[in-house]
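Visitor: Below are the structure tokens for one structure; questions will follow.
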Amino acid sequence: MQRTKVKDLLTGAEAGKDVLLKGWVRTKRGNKYVNFIAVNDGSTINTIQVVADANNFTEEALKDVTTGAAVSITGELVASQGKGQAFEVQAKTIEVLGKADPEAYPLQKKAHSLEFLREIAHLRFRTNTFGAVFRVRNTLAFAVHRFFNEKGFVYMHTPIITASDAEGAGEMFRVTTLDPINPPKTEDGQVNYSEDFFGKATNLTVSGQLEGELAAMAFSDIYTFGPTFRAENSNTTRHLAEFWMIEPEMAFYDLKMNADLAEEFIKYIIRYALENNREDIEFLGQRLTEEDKARPQNERQEMTLLEKLEFVVNNDFERVTYTEAIDILLNSSHYKKKKFQYEVSWGIDLQSEHERYLVEKHFKKPVIVTDYPKDIKAFYMRLNDDGKTVAAMDILAPGIGEIVGGSQREERLEILVERMKGVGIHEEDLWWYLDTRRFGGCPHAGFGLGFERMVQFVTGMGNIRDVIPFPRTPQNAEF
Ligand code: 4AD
Ligand code: MG
């Protein structure tokens with residue numbers, strides 16, 4: 001007999017037939033006449049109820065059917081008489097494929113805290129919450145490819161090991177095979193990386209953008225979707241040392257076209273998740289609503305998760321320049337009451353409290369902030385005619401802050417070289433990048449969407465560690 005997934009069993013399409021199901025026991029309850037076993041196989045948030053009649057199954061036969069055990073069950077799929085489910089399985093055979101000692105199995109019926117579940121990340125997939133989160137993550141990843149594929153973008157695999165620091169922030173993990181205790185040295189006592197595996201110092205990439213730009217100069221429209229690494233020592237709910245980023249790069253795009261594409265893209269993948277993971281998102285929404293009830297009235301969310309997502313999909317993002325954003329902050333009562341911890345003045349890097357004020361208090365919707373001061377942005381962003389700002393854009397999302405960072409790129413060779421000098425990047429190291437400005441360069445633009453921050457936004461999960469299967473953060477690389 002062919003196995004049927006729980007999701008398909010629950011549609012009732014096979015009602016009246018014998019079915020084979022496999023999965024993990026969530027609960028078993030019953031009395032001396034009958035036992036009810038709830039089985040989940042990850043195909044849906046819902047479980048299928050299996051009815052094991054005492055006439056067919058002795059207590060002994062069911063003793064290993066405990067929470068967490070893997071089971072294989074045959075029986076007839078029938079309309080359920082009980083409430084809570086439309087269909088159930090009248091068991092004929094039950095085989096335990098893998099026991100889970102009830103004394104030792106860490107997942108109990110009671111709700112566990114997210115912090116505790118993080119410590120048993122190898123088992124947390126089996127909870128309703130993480131089942132829902134990672135099904136939504138999967139759907140979003142698929143939607144990313146679907147969106148760009150429909151638009152004729154070419155998916156580029158940019159390298160993970162690189163010698164360049166695309167963002168120029170110096171937050172890189174070194175990749176080396178040199179002996180850490182006794183590395184070869186140069187005459188002036190530095191580590192001699194010319195003897196290293198690649199003949200030069202290399203790192204894990206912080207971004208695929210620079211290589212993405214090279215490909216865009218041939219395919220017009222490309223995107224990357226891969227892991228990126230940042231050795232920034234930020235222990236926040238928004239930062240990972242290893243995270244996934246989607247980076248489209250488009251030839252012949254200016255900043256406005258770039259922003260339009262980013263907005264369309266974000267709406268598309270949210271809509272796709274709403275259509276394909278409704279039950280999971282509803283479950284996660286209820287979770288948040290429950291959590292919210294514990295908060296004082298004035299700190300509660302104005303919208304449920306579903307309302308928030310529908311709102312974002314159905315409304316235009318706000319667009320302001322950095323200069324306008326600073327003015328809004330300076331004129332806010334929040335500022336006048338000295339409620340910002342960090343200073344506000346033209347030239348500052350917006351802190352997360354500023355970003356959250358703009359999106360959550362002032363505009364109450366996602367905001368695209370453009371044209372930042374050049375000194376706080378990366379060297380590759382196109383210098384505006386004012387000589388002070390660059391054609392940058394950040395997209396800020398309610399509850400998250402920065403979710404996208406992007407820009408129109410500096411296509412003018414002399415200006416680019418000047419900016420590189422200014423931040424201490426050697427021309428020789430990026431000769432290949434500069435070549436695209438020498439040979440058929442053109443106006444182009446792109447952006448990077450932090451995938452985990454996007455998953456946070458759609459699932460409502462407060463901590464980024466709970467939307468990636470095995471988070472990498474300072475002092476933590478377990479599993
Ligand atoms: O703003 P960032 O640094 O931009 C770039 O890397 C550009 N090369 C993108 C481009 O134009 N192609 O990073 C882009 C996004 C951020 O907006 C944020 O969502 C996410 O990546 N991000 C992180 N997510 C999790 N943990 C971190 N440590 C992150 N750093 C950035
Ligand atoms: Mg950024």
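Visitor: At 0.36 nm per residue, minus the direct Cα-Cα distance, what do residue 300 and residue 125 gain on full extension? Give it in nm, one decimal, please.
Guide: Fully extending the segment from residue 300 to residue 125 adds 60.2 nm.
Visitor: What does the convex hull of the alpha-carbon atoms of the stretch 7-142 project to on average, in nm²?
Guide: Computing the convex hull of the Cα atoms and averaging its projections yields 9.2 nm².
Visitor: Which pairs in the list 339/361; 17/63; 7/109; 308/338; 151/308 are over 20 Å apart, alpha-carbon to alpha-carbon?
Guide: 17/63; 7/109; 308/338; 151/308
Visitor: Next up: Can you pull the one-decimal nm distance between simple spin-label points at residue 231 and residue 321, each 7 Å off the Cα toward Cβ?
Guide: Distance between label points: 3.9 nm.
Visitor: Would you mind ranking 439, 173, 116 so that the residue whose beta carbon has the fewest other beta carbons within 10 Å leads the list?
Guide: Placing the least packed residue first, the sequence is 439, 116, 173.
Visitor: Please report the relative contact order for the chain, taking Cα pairs under 8 Å with a sequence separation of at least 6, and give it as a percent rounded to a whole number.
Guide: 13 percent
Visitor: Here is a follow-up. Length gain on complete extension for the stretch residue 336 to residue 412, per 0.36 nm per residue less the alpha carbon to alpha carbon distance?
Guide: Stretched out fully, the residue 336 to residue 412 stretch lengthens by 23.1 nm.
Visitor: Assuming R0 = 30 Å, can you tell me the calculated FRET efficiency for the pair residue 83 and residue 142, based on Cβ-Cβ distance, to the nearest 0.05?
Guide: It comes out at approximately 0.30.
Visitor: Which of the aspartates and glutamates could a cross-linker bridge to residue 92, judged by Cα under 17 Å and excluding same-chain residues fewer than eight apart?
Guide: Result set, ordered by chain and number: 14, 18, 53, 59, 60, 64, 76.
Visitor: Further, regarding this structure: Can you give me the relative contact order of the stretch 38-173 as a percent, contacts being Cα pairs under 8 Å and 6 or more apart?
Guide: The value is 19 percent.
Visitor: Same structure, new question: Roughly how many nanometres apart are two label points built 7 Å out from the Cα toward the Cβ at residue 307 and residue 435?
Guide: With each label point 7 Å from Cα toward Cβ, the separation is 5.6 nm.
Visitor: From the Cα gyration tensor of the chain, with a ≥ b ≥ c the square roots of its eigenvalues, which class applies: rounded if a/c is under 1.5, or else prolate if a/b is larger than b/c, or else oblate?
Guide: prolate
Visitor: Let me ask another. Going by how many other beta carbons lie within 10 Å of each one, how would you line up 374, 421, 337, fewest first?
Guide: If I rank by nearby Cβ atoms, fewest first, I get 337, 421, 374.
Visitor: So what's the back-of-envelope 222 nm ellipticity for the chain, counting only DSSP H runs of four-plus at -39500 (n - 2.57) apiece and dividing by all residues, rounded to 500?
Guide: Taking each H run of at least 4 residues, the total per residue is -8500 deg cm²/dmol.
Visitor: Using 0.36 nm times the number of residues separating residue 103 and residue 8, minus their current alpha carbon distance, what extension gain do you get?
Guide: Working it through step by step, the gained length comes to 30.9 nm.
Visitor: Below 18 Å, Cα to Cα, which aspartates and glutamates can residue 110 reach? Residues fewer than 8 away in the same chain don't count.
Guide: By straight Cα distance, residue 110 reaches 101, 119, 290, 291.
Visitor: Something else about it: What nm value, rounded to one decimal, do you get for the distance between residue 33 and residue 291 when each label is placed 7 Å out toward the C-beta?
Guide: 4.3 nm
Bear in mind these aren't lab numbers, they're just calculated from the coordinates by the rules spelled out. Everything numeric in this text was worked out from a predicted model, so none of it was measured. Cβ: placed from backbone, ideal geometry, glycine included. Neighbour counts: every protein chain shown.
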